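Here the structure is laid out as structure tokens; the discussion comes afterwards.
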């Protein structure tokens with residue numbers, strides 16, 4: 001069973017992010033980078049399937065030279081080899097990224113393709129869905145667990161308000177994985193050593209025979225404005241408590 005996992009390198013959650021001089025992207029100088037959280041869960045799901053059923057796990061990631069560190073992390077955790085699509089990511093939307101990934105994945109013909117549900121930086125939550133359409137494969141999202149069957153797959157989906165859904169899919173397929181379905185593993189010292197010898201194939205968009213064509217562009221980004229306001233609630237204690245509860249429920253939405 002060949003499983004391909006699309007992973008993304010994103011700024012660490014505690015990174016101090018500043019807007020660059022153009023006002024259309026962040027200043028990447030000095031930022032620490034990490035593996036996107038839901039992609040880490042997608043990788044873990046793939047590794048567990050490999051341990052149960054055998055096969056190969058291949059990771060693919062698009063981005064500049066620095067993405068190599070995240071690819072090596074995935075290899076150290078147990079992925080067998082990797083594909084690095086060497087490109088600038090700052091101006092690509094979900095469609096552009098999916099077009100690059102699809103071009104790389106088609107030549108691999110995997111039985112199963114996994115992506116994270118969404119990225120920690122942009123949070124579109126669309127790349128995996130678009131990827132399935134470009135590949136012409138069945139797709140399901142918000143996946144917490146995957147089981148291989150004789151007919152294909154049985155997957156557990158997270159719905160709203162604590163509800164779950166179990167569905168069956170044929171193979172090949174594309175799944176977007178939700179965070180929290182498994183316990184993430186750490187790379188062992190032996191895994192880190194082995195990662196140095198594993199294959200990382202670097203390709204460009206031109207070599208893949210495709211050009212990413214974004215349909216969404218960022219005109220401007222800005223930091224949230226801090227605002228403070230005070231409201232005085234009058235009336236008797238009972239009336240004030242009722243008014244406060246109503247505001248907390250319907251305006252602040254914390255109840």
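Quick notes
- Descending principal axes extents, the stretch 1-81, alpha-carbon based, whole Å: 50, 21, 19
- In the stretch 1-152, the alpha-carbon atoms span a convex hull of 110 Å³ per residue.
- Between 86, 14, 39, the GNM of the chain built on Cα springs shorter than 10 angstrom shows 14 fluctuating the most.
- Sorted by Cβ neighbour density within 10 Å, fewest at the top, the residues 253, 66, 157, 202: 253, 66, 202, 157
- Our helix-only sum for the chain, with -39,500 (n - 2.57) per DSSP H run of n ≥ 4 divided by its residues, gives a mean residue ellipticity at 222 nm of -9000 deg cm²/dmol.
- Among 141, 236, 61, a tally of other beta-carbon atoms within 10 Å of each Cβ gives an order, fewest to most, of 236, 141, 61.
- Exposure proxy order (Cβ contacts within 10 Å, fewest to most) of 75, 144, 43, 189: 189, 144, 75, 43
- Label of the coordinate-derived value, semi-axes √(5λ) of the Cα gyration tensor in Å, listed as (i) 33, 18, 16; (ii) 37, 25, 18; (iii) 28, 19, 18: (ii)
- Degrees separating the helix 67-77 axis from the principal Cα axis of the chain, which is the longest one: 70 degrees
- Förster-model FRET efficiency, 30 Å R0, residue 248 and residue 164, C-beta, rounded to 0.05: 0.50
Taken together, the values in this text are just the output of simple stated rules run on the coordinates, not laboratory data. Small disclaimer: the values here were computed from a predicted structure and weren't measured. Methodologically, a virtual Cβ is constructed for each residue, glycine included, from the backbone with ideal geometry; neighbour enumeration extends over all protein chains shown.
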